[in-house]
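Encoded as C-alpha cells, the structure appears first; notes follow it.
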Amino acid sequence: EDELKIAAGAMNLKGKVVQDSMTAIEEVFMLPETATLNSNAIAAIMRAGYTRIPVFKEGNKKDICDVLIVKDLALIDPDDCYTVRMLCNIYKRPIPRMASNTTLFTALQTFKGGDDGHMALVHDAKNGIIGIITLEDVVEEILQEE
Ligand code: ATP
Ligand code: ATP
C-alpha cells in the first residue's frame, strides 16, 4: 500500500495549493537585516537548525528582502560583527514568491527547474506575505507524512 499512498499523494499535487502546505509566517525563524552576526547570534542561528533564514527590513516582518543561507556564515569571523545586511549584500540570494493559490504541482516544477533555491515566499493579494514553502513541504505531501 506504500506505493498506492505515494501515487495518491503525487496525484493530489494538482488538487492542493501552497497555502495548504506552507509554514505560516508567524512560525518562521527570521532575522532583521540590522542584526549583528556576533558569536551569540551565530549560536542562536545554529540552534534554530534551519538552512534558509528569511531576512526582513527592521520593523516589518512582512517586508522580507532576502534570505540568509547558513553555509554563508562559514567564512564569517564573529569578531568582525558583520550585520545580516552586509552578508546579504555579498551573496545576494534571490527569494522567489508564489501566490497562495499556486498548486503544489506548479511549485514542484518551479523548485525543480529554477536555480533560485528551494524556498519561496507565499503571498496573497489581501494579506501580503503569509508564509514560506519549501521543496521539503511538497515532498512531504507526496509521501503523505503530515
Ligand atoms: P534542509 O533540509 O535543506 O537542510 P531545512 O531543514 O532548514 O533545510 P526544509 O527541509 O526546507 O528546511 O523544510 C523543513 C520544514 O521546515 C518545512 O516545513 C519548512 O516550511 C520549514 N522551514 C524551513 N525554513 C524555516 C525557517 N527559517 N523557519 C521556520 N520553518 C522553516
Ligand atoms: P543542498 O541543496 O541541501 O544545499 P547540496 O547542493 O550540497 O545540498 P544536494 O542538493 O543534496 O547537495 O545534491 C545535489 C547533487 O549534488 C546530487 O546529485 C548529489 O548527489 C550531489 N552531491 C551532494 N554532495 C556532494 C559531494 N560532497 N560531492 C559530490 N556530489 C555531491
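The values are calculated or read from the model by the stated rules, or taken from the named source; none is laboratory data. Just so it is clear, the structure is predicted and the values come from calculations on it, not from any experiment. FYI the Cβ positions are ideal-geometry reconstructions off the backbone, even for glycines, and counts take in every protein chain you see.
For region 5-16, the criterion of a residue being surrounded by 15 or more Cβ atoms within 10 Å (Cβ to Cβ) and either within 15 Å of ligand 1 (Cβ to nearest atom) or of a type in the set (Ser, Thr, Tyr) (or both) is satisfied by at least one position.
For region 62-72, name all the residues that are more than 16 Å from ligand 2 (Cβ to nearest atom) and surrounded by 15 or more Cβ atoms within 10 Å (Cβ to Cβ).
Matches in region 62-72: ILE64, ASP66.
Any chance region 34-42 includes a residue that's within 16 Å of ligand 2 (Cβ to nearest atom) and either among the aliphatic types (A, V, I, L, M) or over 12 Å from the mean Cα position of the chain (by Cα) (or both)? Within region 34-42, none of the residues are within 16 Å of ligand 2 (Cβ to nearest atom) and either among the aliphatic types (A, V, I, L, M) or over 12 Å from the mean Cα position of the chain (by Cα) (or both).
Listed residues ALA99, ALA120, ALA107; which is within 16 Å of ligand 2 (Cβ to nearest atom), under 17 Å from the mean Cα position of the chain (by Cα), among the small types (Gly, Ala, Ser) and closer than 24 Å to ASP20 by Cβ? Working first, answer last.
Working: ALA99 fails: within 16 Å of ligand 2 (Cβ to nearest atom); ALA107 fails: within 16 Å of ligand 2 (Cβ to nearest atom).
ALA120 is the lone residue from the list that is within 16 Å of ligand 2 (Cβ to nearest atom), under 17 Å from the mean Cα position of the chain (by Cα), among the small types (Gly, Ala, Ser) and closer than 24 Å to ASP20 by Cβ.
Being at pLDDT below 95, touching a helix residue (DSSP H, G or I) at 6+ places or on another chain (Cβ under 7 Å), surrounded by fewer than 16 Cβ atoms within 10 Å (Cβ to Cβ) and not small (Gly, Ala, Ser) holds for only one residue in PRO94, PRO78, and it is PRO78.
Summed over region 128-144, residues that are loosely packed, with under 15 Cβ neighbours inside 10 Å, more than 15 Å from THR23 (Cβ to Cβ) and either free of Cβ contacts under 8 Å to residues at least 24 places away in the same chain or not small (Gly, Ala, Ser) (or both) total 2. Picking from residues in region 73-84 that are acidic (Asp, Glu) and assigned to a helix (DSSP H, G or I), the one that is nearest to ligand 2 (Cβ to nearest atom) is ASP80. Just one of the listed residues (GLY117, GLY59, GLY113, GLY49) is within 15 Å of ligand 1 (Cβ to nearest atom), exposed (fewer than 15 other Cβ atoms within 10 Å of the Cβ) and not hydroxyl-bearing (Ser, Thr, Tyr), namely GLY49. For residues in region 28-46 being in contact (Cβ under 8 Å) with a residue 40 or more places away in the chain and near ligand 1 (Cβ under 10 Å from one of its atoms), which is farthest from VAL122 (Cα to Cα)? The selected residue is LEU31.
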